[in-house]
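Working notes for the structure below.
Read-outs: derived from the displayed coordinates by stated rules, not from any lab. Keep in mind it's a predicted model, so treat the numbers as computed, not measured. Please note: Cβ atoms are built from the backbone with ideal geometry, for glycine as well, and neighbour counts cover all protein chains shown.
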Amino acid sequence: MKILCALAVLLVSAPAWAQSNATAVAVTEAPTLDGDVLGDSAWKSAPVISGFLQEQPDEGQLASENTEVRIVFTRDTLYIGVVCYDRDPSAIIVSDSRRDAGLDETDSFRLIFDTYRDRQNGFVFGTNPAAIEYDGQVTNEGQGGGGLSGNQQTGSGGGFNLNWDAAWEVRTRIDERGWTAEFAIPFRTLRFPSGANQTWGMNFQRNIRRRNERSYWAPIPRQYNLYRLSLAGTVSGIQTPTIRSFRATPYVLGSVVESGARPVNATTLGDVGADFKYTLTPSLTLDATINTDFAQVEVDDQQVNLDRFSLFFPEKRPFFLENAGFFSVGNPGEIDLFFSRRIGIGAGGESIPIIGGGRVSGKAGPYNIGLLNMQTDDYRDRLPSNNFSVMRISRDFPNRSSIGGMFVNRDGTGGLAMKNDHNRTYALDGKWGVGQNTVLSSFVARTDTPGITDDDYAFNVRSRTNVSRFDLEMGYQEVGDGFNPQVGFLSRRGYRKPDIRLNTRWRPSDFLNIQEMRPHATYRSFWGHDGFQETGYVHIDNHWQFRNAYEVHTGMNMTLEGVRTPFEIYPGIFVPPGTYEHKEAQVVLMTNQGAPVSVNVQTFVGGFFGGDRVTVNPTLRMRLGEALSAEVSYQRNDVDLPVGSFITNLVRSRVSYSFNPRTFVQGLVQYNDRADLWSMNFRFGWLQAANTGLFIVYTDTRGLYDLLERPERTDRSLIVKFSRMFDVLR
């Protein structure tokens, strides 16, 4: 009994971190945005914020280099000045200069603001010495939904939305003292409660890549990261203005399209449209769109499906990404009750015209509110037009607790729609924070589909505990046979799923130059309602992280697949019904990903549907300074089954060159013999505020048989799009 009581105290108790506090100062003259913090008199009145503590490699120790932060503001803009001292500026690592490029493998600085002090949601801004603009939205302290959903991509509903792009600026410089940065963030870019004098939650993170060092201003223990807003410090003295903002972003687009067997006539098209953003209150915003277009968005990464369940592709379209985490209810990548890719993208990947729509999102008093309505047009007299509506409301409570509800509706409209063509989803969700380290969460949902009256439900209950030495997560999920969220994502239906994961961390003081070891184990299983086991998965692994930033994963998987009906795993090869139990070895090797040349190799060897599979997935990354980067990834599956053998190949090559942080050219070439296609996507971007600007996009997609048997066939397009944001009331 004493042991159980001690364990309970460990699970719910909070560490005794000291509160970090800072003050922002009003100035009449704004800093000159050139990266020179110490030489600009506008910063002299601001108190210096310093005293960063390491989370890695030496947790709790002072950072190896001093960092100073100053915060001032004018009537309409918040300024953050950062001085990152470095005794050896020549050793500073700068790996990329593209907007929103990753900041983990480079020297970098990030900050987060919890403007409502709800200790759950925030805005992230960051940069590196190349002055890239990195921003995103955090929901639920970055935890997203809940559940162990395998290796699926999870998109913007996973707790951190990197695809959110705001209008702000940053400038940097490197000198003999290290490197400095000046951020200028207009108040109208943020959302905050009413009231002139405000105190926000705030934290900073600095990375010194060559030392594999990560430090924070408000201390963060090793099991968390910058998104842990319940441990953030505060900044007081901020005097926010009365926000009146109306932004219009019109676009004009021209395209040339060739599709079909040659000779084929090129089709020249032109189009116009616009997005609008109006601030109803400082914390509530109305967004509207007319003739919505997403031509500048990069194409999806190809995936190889060797199973009988649906693949998940994340949302990339800008209009749907702002506050996307707030509309996320479910288990991302496995059950998403609302999945915005159902709007304007057909089941076969067709681009369905979006006539327009609107969204209201933000806070009204203690409530979080999200309303969305979109109208699509019919598609080539084959698919009917549809109206989509989403209503989401929730209320936050102390200690990371909340309760909420969601309603999702699709109505077929127009002459092509069948009678009574609709689908609706209803859901309730909530979470309860227990102490500092444990969160209990749950959702329950049902759908309404004409012709389906039974078993149209789904629910999930789970617990997540994070302490310094281990993480423990366990849950239970159930989906009825009739559950049918047509405006959501469902990887499979009709199952019961228990899961549990235990992840431990150990940082030896002196053992084989190891920085951290992470032994862990995962179990999940899918059972049909008739008691038939459809999937079983046990994963036992250890991650070996070395001080030189190399990493090795050594694991073993025990798998079970229960196949009810034959399915085609490869053209002409069908897996017969049966239960298949196997074991496989898993090895991952990663060299220093911050180096000019790095390698990541993943290998799986073991049984597979009654036979054997060898999967090799090497990725080579190269960079020349911060301007040029390239990545080549190859995935090969060599499968030998009793019913036949086959090999799949997926090759992906990316090249990016940045003339400066706002002007770039990118190329993506993909070859996928399982899907019988190859594709090229080349983009030139000249960015203005909030990711608007000039885009030139060339796309060419062909079936592999076209190259060998019918080389005259083509499916390609050239698109030129220009958009510009106007602040009408400024």
Q.
Give me the net charge for the shell around LYS721: Cβ to Cβ below 10 angstrom, other residues only, Lys and Arg +1, Asp and Glu -1.
A. -2
**Q.** Charge dipole magnitude, Cβ of K and R +1, D and E -1 - the range 17-239, Cα centre, debye nearest 20
**A.** 460 debye
Q) What order do you get for MET202, MET556, MET406 when you list them from fewest to most C-beta neighbours inside 10 Å? A) MET556, MET406, MET202
(Q) Given Cβ point charges of +1 (Lys, Arg) and -1 (Asp, Glu) and nothing else, what value in debye, to the nearest 20, does the dipole of the range 216-322 about its Cα centre take? (A) 460 debye
Q. Do you know the relative contact order of the chain, to the nearest whole percent, from alpha carbon pairs under 8 angstrom that are 6+ apart?
A. 11 percent
Q) Which order results if THR74, THR504 are arranged by neighbouring Cβ count within 10 Å, fewest first? A) THR504, THR74
**Q.** Which of TRP200, PRO318, LEU284, positive extreme of dipole for the chain (C-beta unit charges)
**A.** TRP200
Q: Note the listed values (i) 43, 35, 21; (ii) 59, 36, 28; (iii) 39, 33, 29, then indicate which one is semi-axes √(5λ) of the Cα gyration tensor in Å calculated from this particular structure.
A: (iii)
Q) Taking θ as phi - 60°, what are the ³J(HN,Hα) couplings along the range 123-129 by the Karplus curve (6.51, -1.76, 1.60), each to the nearest whole Hz, with x for Gly and Pro? A) 10, 10, 10, x, 7, 10, x
Q: Can you tell me the dipole magnitude for the chain around its Cα centre, using point charges on the Cβ only (Lys, Arg +1; Asp, Glu -1), in Debye to the nearest 20?
A: 1240 debye
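Name the shape class, rounded, prolate or oblate, that the alpha-carbon gyration tensor gives for the range 17-239, where a ≥ b ≥ c are the square roots of its eigenvalues, rounded holds for a/c under 1.5, and otherwise prolate holds if a/b is larger than b/c and oblate otherwise. Please report the intermediate quantities before stating the final value.
Numbers: a/c = 1.42, a/b = 1.11, b/c = 1.28.
Verdict is rounded for the range 17-239.
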Q: Please list 226-238, 28-40 highest first by mean number of surrounding beta-carbon atoms within 10 Å per residue.
A: 226-238, 28-40
Q | 3J(HN,Hα) from dihedral phi, the range 44-51, Karplus parametrisation 6.51/-1.76/1.60, rounded to Hz, x for glycine, proline | A | 5, 7, 7, x, 7, 9, 8, x
Q: Work out the charge dipole of the range 322-463 with +1 on the Cβ of Lys and Arg and -1 on the Cβ of Asp and Glu about the Cα centre, then indicate which of PHE443, MET418, SER389 is farthest towards its positive end.
A: PHE443
Q. In whole Hz, what ³J(HN,Hα) sequence does the range 542-559 give by Karplus (6.51, -1.76, 1.60; θ = phi - 60°), x for Gly and Pro?
A. 9, 9, 9, 9, 9, 5, 8, 6, 6, 8, 10, 10, 10, x, 9, 10, 10, 10
Q) What number, rounded to the nearest 500 deg cm²/dmol, is the helix-based mean residue ellipticity at 222 nm of the chain, given -39500 (n - 2.57) per DSSP H run of at least four residues and division by all its residues? A) -500 deg cm²/dmol
Q: Specify which residue in the list ALA181, ALA458, ILE132 is farthest towards the positive end of the charge dipole of the chain, using unit charges on the beta carbon of Lys, Arg (+1) and Asp, Glu (-1), about the Cα centre.
A: ALA181
Q. Between THR77 and residues 5 or more places away or on another chain, which pairs have amide H atoms under 5 Å apart, with H built 1.01 Å from N, and which residues are they?
A. PHE187
